[in-house]
Each structure stands twice: as structure tokens, then as C-alpha cells.
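Just so it is clear, none of the values below were taken in a lab; they were calculated from the coordinates. Remember, predicted model here, so these are calculated numbers, not experimental data. Glycine gets a Cβ as well: all are built from the backbone with ideal geometry, and neighbour counts include every protein chain shown.
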Amino acid sequence: MNVDDTLPLLDDGALRSLAQDTGDEIVGVLVEEFLSEAERRVQEVAEAAKSRDLKRLGFEGHALKSTCSTFGAARMGARAAGIERAVRDGEDAMAIAGVDGIEAEFAATASAFRDRFPSQ
């Protein structure tokens, strides 16, 4: 499963929307909570793929896709959506293959967020 590398790591429109909904001063705090949750979900996705637990893989892929969408983690969200779609469509091998690189994708996404919202 290929993820479009031309997608931005971070979707500026989603981040602007989040800031409008919550206030600029709290976005950094919310991003840290998102990163903690996303890291856990990425680990769950990887473990589900390793154990070939497709039900869990689909669930975790969906949950990761949803939180990525809210926080504008575009490329990681697209990868999670692809995993979810492959599980739903019964394409087990494609779903499991879609997990390749998800930890690196998370690391790049986390780095981009931390550059944009440095801890204070």
C-alpha cells in the first residue's frame, strides 16, 4: 500500500480550524495529548498486524485515522485510512503491509508537530 508522499505531514487548514475551535493558547497542549494517543495507537496497529488480529487492526486504524483527521496529521491519517479500508475490504495482506513504515511516519509527524508547537 502506497501512501502519497506528496501529502503534507501537517494540514494547515485543520490546524487553523483546531485553533479557532479551541484557542491558540491551548493548541500546543492538545497536540501533546494527540501525540501521546497517536503513539499508543501506532503501537497497537503494529502489534495487531504482527499478531494478524485484523479486527483489532481495523479498529485501531479507524481510531488513528479519526484522531489524525482532527489534528491535521494528513499523511499518517491517510496511511491509517488505507489500513482501515483494506481490512474492511477483506484485503488482509494489503492491510498488514500498510503497517510498514507507520512508526517512521509517526516519528516524522511528531517531529513536525514539535517544531510547530515547541514545549514551553
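Taken one residue at a time, the phi angles of the stretch 23-33 give Karplus couplings (6.51, -1.76, 1.60, θ = phi - 60°) of x, 4, 5, 9, 4, x, 5, 5, 4, 4, 5 Hz. Gly and Pro are set to x.
Taking every Cα-Cα distance in the chain and sorting them into 5 Å bins starting at zero, the pair-distance distribution P(r) comes out as 2, 13, 24, 23, 17, 11, 6, 3, 1, 0 percent.
In a simple Cβ point-charge model (Lys, Arg +1; Asp, Glu -1; nothing else charged), the stretch 24-116 has a dipole of about 260 debye relative to its Cα centre. So what J values fall out for the stretch 44-60 if you push phi through Karplus, 6.51 cos²θ - 1.76 cosθ + 1.60 with θ = phi - 60°, rounded to Hz, Gly and Pro as x? Per residue, the Karplus-derived 3J(HN,Hα) values read 5, 4, 4, 5, 5, 5, 4, 8, 6, 8, 5, 4, 5, 4, x, 4, 5 Hz. The string of couplings for the stretch 107-113 from the Karplus curve (6.51, -1.76, 1.60, θ = phi - 60°) is 4, 5, 5, 4, 4, 4, 5 Hz, one whole number per residue in order, with x for Gly and Pro. Modelled label positions at residue 32 and residue 50, each set 7 Å beyond Cα in the direction of Cβ, lie 2.9 nm from each other.
In this simple spin-label approximation, residue 100 and residue 88 carry label points 7 Å from Cα along the Cα→Cβ vector, and these lie 2.4 nm apart.
Taken along the Cα-to-beta-carbon direction at a fixed 7 Å, the label points for residue 66 and residue 6 span 3.1 nm.
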